[in-house]
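The structure appears below as structure tokens.
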Amino acid sequence: MRYINAIYTTHQGELVSNEFLLPHFLKAVEVAPVSPEHQQELIDSVRYFLVGERERYVVPGVLDLGSFAKRAAAFETAAERSLEALSQQITLATASTEVSFDVIVTTTSTGSLMPGLSYRLAARLGDRVRSDTMMVDLHVGCTGSMKALKLVGQLDATAANCLVVSVELPSTLINLSSTDVDVWQGNCTFGDGAAAVWLSDRPPQGDMALAMEQLRYVQHARTGLDLIRWGYDDYYTFRLGNENTFNRDVREYITQSLRGIEPAALQSPHWAIHPAGIALLMRLSRKLGMPRNALDASVTHYKRFSNASSASILHILRDEAATAVDGGIINLLTMGAGFNVIYGHVRKER
Amino acid sequence: MNQEEILSWARSWVESNKLSKDAGDFAREKVSDIITQSTDVVEFTLDLEEALGMEDTGFDLDALAPKFATLTFAELADEIVKLAQSRKA
């Protein structure tokens, strides 16, 4: 059995609200070279996507990133700051131990570095990392952190202490010149965040012991490949295959993937759900008959940090672990490009 | 439901969720001026679909949600009636 012994989190950059972004985004769409009808659609969509009080962290100068070089540099700078913050927490937590990590698996969907995140983290961890530590850098999407947990969970006993790290900086993708509704949905939905998880086979280590009892992975590549994918302008852009049917398609894939789950498991009040979008989550929870408070942690996170891709579910899990009782189950659910759905649960032992 | 019934339902929903302003013509209020939080927008949409018997039909009101910023409650009720009629046709 693998246990989650600690979850470290960080946010870097500037905290901005919907209220701050709205006039800037509206100014951008009001000069878009499109028909009046299309422009009204963009205006209505931006207002809808930014409705209510919500915040997110963004890289400095986020509204002035106009080139590949600027965006990639902003990603690298913010990634390094995130890794510095996480490494300080990891180093402090393992200070009086002889722990060295056998495996480091990182994930990011919003940039590409060489050397990768794992090497940059290793360079900061001193003797917590050895020359034979396995270091792997994944490029996935919103399901990246759960995939990394699943991967680590399947390693053999030589992987006694492992780190799974998610660094997501989707604010570097914000594109003010787009005339596509789905790109603006991405502009409005995402925020930056990072987290690291210490896993081991020893419950007494670290701050907590969450037994990773189940992680079920369902991929729908044959039919769901085009649901979410990159588009390209001066950098990557978030694109949907069909924005009119997206929510319905995603609900269907998730519902299919959760068939066979014990109804009693769905009734747990503790859920860490990737905040893919509040409308999607709320529809899903009604369809699955989940308790009303099952979404509270995800909604709270979404309002404070927006959708921070694969980092979000780790933040939410940490929050849920703080309030769950010993012996209690915390359900995990995430979904993302591929199309992938990952469902599972951990049991809090302490 | 017809337009009046949808409007009446919306007024009740707003009042029971304690979102109503004290004065004014409800029908002429913009939806987004009364329902201001994203979670409330979704709850309103989902509850309305249930009231209209739309759940599990494969059709939902998500497409109308972006228009809440510009539609009044009366205009929203009109749009829903038109949508429902076009579905039957």
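The values are calculated or read from the model by the stated rules, or taken from the named source; none is laboratory data. These figures come from a predicted structure and were not determined experimentally. Glycine also receives a Cβ, built like all others from the backbone with ideal geometry; neighbour counts cover every protein chain displayed. With ligands, DNA and RNA removed, areas are computed over all heavy atoms of the protein, side chains included. Shrake-Rupley method; radii C 1.70, N 1.55, O 1.52, S 1.80 Å.
Determine, from the Cβ-Cβ distance of A:Arg216 and A:Val325 and an R0 of 30 Å, the FRET efficiency 1/(1 + (r/R0)^6), rounded to the nearest 0.05.
Rounded to the nearest 0.05, the efficiency is 0.80.
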Where does the protein assembly as shown land on the Kirkwood hydrodynamic radius, alpha-carbon pairs, in angstrom? 22.8
Any idea how far the Cα center of region A:239-267 sits from the one of region A:110-156, in Å? 29
Compute the distance in nm between two label points, each set 7 Å from the Cα along the Cα-to-Cβ direction, one at A:Leu63 and one at A:Ala264. 5.4
Using the Karplus curve 6.51 cos²θ - 1.76 cosθ + 1.60 with θ = phi - 60°, what ³J(HN,Hα) values do you get for each residue of region A:126-138, in whole Hz, with x for Gly and Pro? x, 7, 6, 10, 10, 5, 9, 5, 7, 10, 10, 10, 9
Residues in region A:316-341, backbone N under 12 Å from the label point at A:Gln89 (7 Å along the Cα-to-beta-carbon vector): list them, ranges by number please. A:316-319
What ³J(HN,Hα) values, in whole Hz, does the Karplus curve 6.51 cos²θ - 1.76 cosθ + 1.60 give for region A:217-229 when θ = phi - 60°, with x put for Gly and Pro? 10, 10, 10, 10, 4, 5, 10, x, 4, 8, 4, 9, 7
Zone residues, region A:134-163, relative to A:Asp201, backbone N less than 13 Å from point 7 Å out along Cα-to-Cβ: A:153-162
Length gain on complete extension for the stretch A:Ala123 to A:Ser177, per 0.36 nm per residue less the alpha carbon to alpha carbon distance? 15.6 nm
Listed pairs B:Lys18/B:Lys82; A:Lys70/A:Lys303; B:Lys18/B:Lys67; A:Lys70/B:Lys67; A:Lys70/A:Lys150 exceeding 25 Å between Cα atoms: B:Lys18/B:Lys82; A:Lys70/A:Lys303; A:Lys70/B:Lys67; A:Lys70/A:Lys150
Non-local amide H neighbours of A:Arg2 (under 5 Å, H modeled in plane, Pro and chain starts lacking H): which ones? A:Met212
If I model a spin label at A:Ser35 and A:Ser100 as a point 7 Å from the Cα along the Cα→Cβ vector, what separation in nanometres do I get? 6.6
Taking Cα pairs under 8 Å and at least six residues apart, what relative contact order does chain A come out at, in percent? 24
Measure off 7 Å from each Cα along the Cα-to-Cβ vector at B:Ala51 and B:Ser8, then give the distance between these two points in nanometres to one decimal. 1.1
Fraction of antiparallel bridges per DSSP, chain A only, in percent to nearest 5: 75
Averaging the inverse of every distinct alpha carbon separation and then flipping it gives the Kirkwood radius. What is it for chain B, in angstrom units? 13.1
Within the accessible area of region A:2-200 (1.4 Å probe), percent carbon and sulfur: 53
Quick check for you: with a 1.4 Å probe and neighbouring chains kept, what is the accessible area per residue of chain B, in Å²? 53
Along principal axes, Cα extents of region A:2-200, largest first, whole Å: 64, 29, 28
What whole-number value in cubic angstrom gives the convex hull volume per residue for the C-alpha atoms of region A:247-327? 97
To one decimal place, what Kirkwood hydrodynamic radius in Å is obtained for region A:210-348 from all pairs of distinct Cα atoms? 15.5
Apply 1/(1 + (r/R0)^6) to the Cβ-Cβ distance of A:Arg292 and B:Lys18, taking R0 = 22 Å, and write down the FRET efficiency to the nearest 0.05. 0.80
Of the GluC sites (Glu not before Pro) in region A:1-58, which ones lie in a loop per DSSP and count no more than 14 other C-beta atoms within 10 Å? A:Glu53
Tell me, what is the FRET efficiency for B:Gln37 and B:Arg87 to the nearest 0.05, using R0 = 25 angstrom and their Cβ-Cβ distance as r? 0.30
Carbon and sulfur atoms account, in whole percent of the 1.4 Å probe accessible area of chain B, for 45
Accessible area drop of at least 50 Å² (1.4 Å probe, protein heavy atoms): which residues of region A:283-301 qualify, relative to the chain alone? A:Arg283, A:Arg286
Note the buried accessible area between B and A here, summed over both chains, with a 1.4 Å probe, in Å² to the nearest 100. 1800
Karplus-derived HN-Hα couplings along region B:45-53 (A = 6.51, B = -1.76, C = 1.60, θ = phi - 60°), whole Hz, x at Gly and Pro: 5, 5, 5, 5, 4, 5, 5, 8, x
For chain A, what does -39500 (n - 2.57) per DSSP helix run (n ≥ 4), summed and divided by total residues, give at 222 nm, in deg cm²/dmol to the nearest 500? -11500 deg cm²/dmol
Given a cut-off of under 8 Å on Cα pairs at least six residues apart, what relative contact order in percent is computed for region A:2-200? 35
Stretchable slack from A:Asp234 to A:Arg248, in nm (0.36 nm times residue separation minus alpha-carbon distance): 2.0 nm
